[in-house]
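Q: My questions all concern the structure below.
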Amino acid sequence: MSLQRFLYLIASFLAVVVVLTLHEFAHAFVAYKCGDPTPKWNKRLTLNPVRHFDIMGLLCFTFVGFGWAKPVPVNPNNFRKYRLGSGLTASAGVIVNYISALIFFPFFILLVQYGTSAIPQYLYYFLYSFVLLLYSYSLSFCVFNLLPLYPLDGFRIVEACSRKHGKIYRFLRKYGHIILLFLIIESFICGIFVDFGVYQMAWFDILGYIMQFARKYIGFPIVALWSVIFGRPISSIWGMLF
């Protein structure tokens with residue numbers, strides 16, 4: 001394994017730790033504020049990343065770019081307003097991830113602008129990978145979690161919006177985790193083929209399309225905002241990403 005590859009994996013792991021921790025803490029914090037003490041009782045109202053890790057989800061996120069954390073235990077019957085509390089708690093993680101992407105992105109711009117000549121090569125590569133992945137993973141985790149598959153937030157949001165649980169709901173709850181695992185494995189296999197030069201396999205990478213959608217479209221308002229603040233054309237900042 002090359003030194004650059006090793007540094008990239010370390011940066012990826014650390015970025016995942018930050019993104020997952022902020023996501024799960026947001027769920028716990030909002031649930032607690034809505035009247036449910038369950039996250040606090042289960043020691044999930046914390047920024048300690050160890051409390052939020054699911055090992056398989058962490059490894060998938062580190063090596064594939066998509067994964068999951070340990071779901072925060074919530075008892076919606078404790079919410080002061082059931083539907084409002086359920087909806088806010090379910091959506092808190094993806095909202096925080098998007099805000100995180102907004103906050104992380106200017107650090108990436110500053111690093112590219114001023115760090116190239118001021119920081120040693122390998123340290124620069126590590127910091128470049130870390131900050132870029134903080135931004136990218138925040139966006140991808142935001143979009144990924146909006147998929148209406150159990151146990152992702154998208155499923156919880158749908159669940160909070162309606163108490164009518166029909167066949168589709170039962171199917172997604174029963175088989176959602178299997179569908180997710182299939183998508184992650186499929187993306188990982190496609191990535192291996194692409195690394196060996198079989199670039200056509202990228203056409204079949206379903207989660208890869210989600211990543212592209214997240215970065216190009218969901219991330220566009222963030223790029224546009226910071227291009228105005230930094231006084232640079234969107235095209236020049238966009239060129240840093242692609």
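The values are calculated or read from the model by the stated rules, or taken from the named source; none is laboratory data. Keep in mind the model is a prediction, meaning the values are calculated, not measured. Glycine gets a Cβ as well: all are built from the backbone with ideal geometry, and neighbour counts include every protein chain shown. Surface areas here come from the heavy atoms of the whole protein model, side chains and all, with no ligands, DNA or RNA. Shrake-Rupley method; radii C 1.70, N 1.55, O 1.52, S 1.80 Å.
Q: When the stretch 139-160 is examined, which residues are found to be part of a loop (DSSP other than H, G, I, E, B) and either farther than 20 Å from MET211 by Cβ or open to solvent by 40 Å² or more (accessible area, probe 1.4 Å) (or both)?
A: Across the stretch 139-160, the qualifying residues are LEU146, LEU147, PRO148, TYR150, PRO151.
Q: Separate question: Just for the stretch 218-237: of the residues that are at pLDDT below 85 and not small (Gly, Ala, Ser), which one is least open to solvent (accessible area, probe 1.4 Å)?
A: Among those residues, the one meeting the criterion is ILE237.
Q: Pick from the stretch 207-217 the residues that are in contact (Cβ under 8 Å) with a residue 60 or more places away in the chain and within 21 Å of TYR128 (Cβ to Cβ): which of them is least open to solvent (accessible area, probe 1.4 Å)?
A: Of everything passing the filter in the stretch 207-217, ALA214 is least open to solvent (accessible area, probe 1.4 Å).
Q: Within the stretch 186-198, how many residues turn out to be assigned to a loop (DSSP other than H, G, I, E, B) and open to solvent by 70 Å² or more (accessible area, probe 1.4 Å)?
A: Residues flagged as assigned to a loop (DSSP other than H, G, I, E, B) and open to solvent by 70 Å² or more (accessible area, probe 1.4 Å) within the stretch 186-198 amount to 1.
Q: Does THR46 qualify as being under 20 Å from the mean Cα position of the chain (by Cα), farther than 25 Å from GLY176 by Cα and modelled with pLDDT of 85 or more?
A: yes
Q: Here's something else I'd like to know. Within the stretch 16-38, work out how many residues are open to solvent by less than 20 Å² (accessible area, probe 1.4 Å) and within 26 Å of LEU181 (Cα to Cα).
A: Count: 9.
Q: Closer than 19 Å to ILE99 by Cα and assigned to a loop (DSSP other than H, G, I, E, B), is that true of LEU47?
A: yes
Q: I'd like the full set of residues that are within 17 Å of the chain's Cα centre (by Cα) and of a type in the set (A, V, I, L, M, F, W, C), limited to the stretch 194-240.
A: ILE206, LEU207, ILE210, MET211, PHE213, ALA214, ILE218, PHE220, ILE222
Q: Among what's in the stretch 53-96 and is assigned to a loop (DSSP other than H, G, I, E, B) and of a type in the set (A, V, I, L, M, F, W, C), pick the residue that is modelled with the lowest pLDDT.
A: By that ranking, first place goes to PHE66.
Q: Next question, about the same structure. Out of everything in the stretch 163-185 that is surrounded by fewer than 12 Cβ atoms within 10 Å (Cβ to Cβ) and part of a helix (DSSP H, G or I), what residue ends up being modelled with the highest pLDDT?
A: Going through the qualifying residues, I end up with ILE178.
Q: When you look at ARG44, is it of a type in the set (Lys, Arg) and open to solvent by less than 50 Å² (accessible area, probe 1.4 Å), yes or no?
A: yes
Q: Taking the stretch 90-124, which residues are more than 22 Å from the chain's Cα centre (by Cα), in contact (Cβ under 8 Å) with a residue 12 or more places away in the chain and open to solvent by 60 Å² or more (accessible area, probe 1.4 Å)?
A: TYR122
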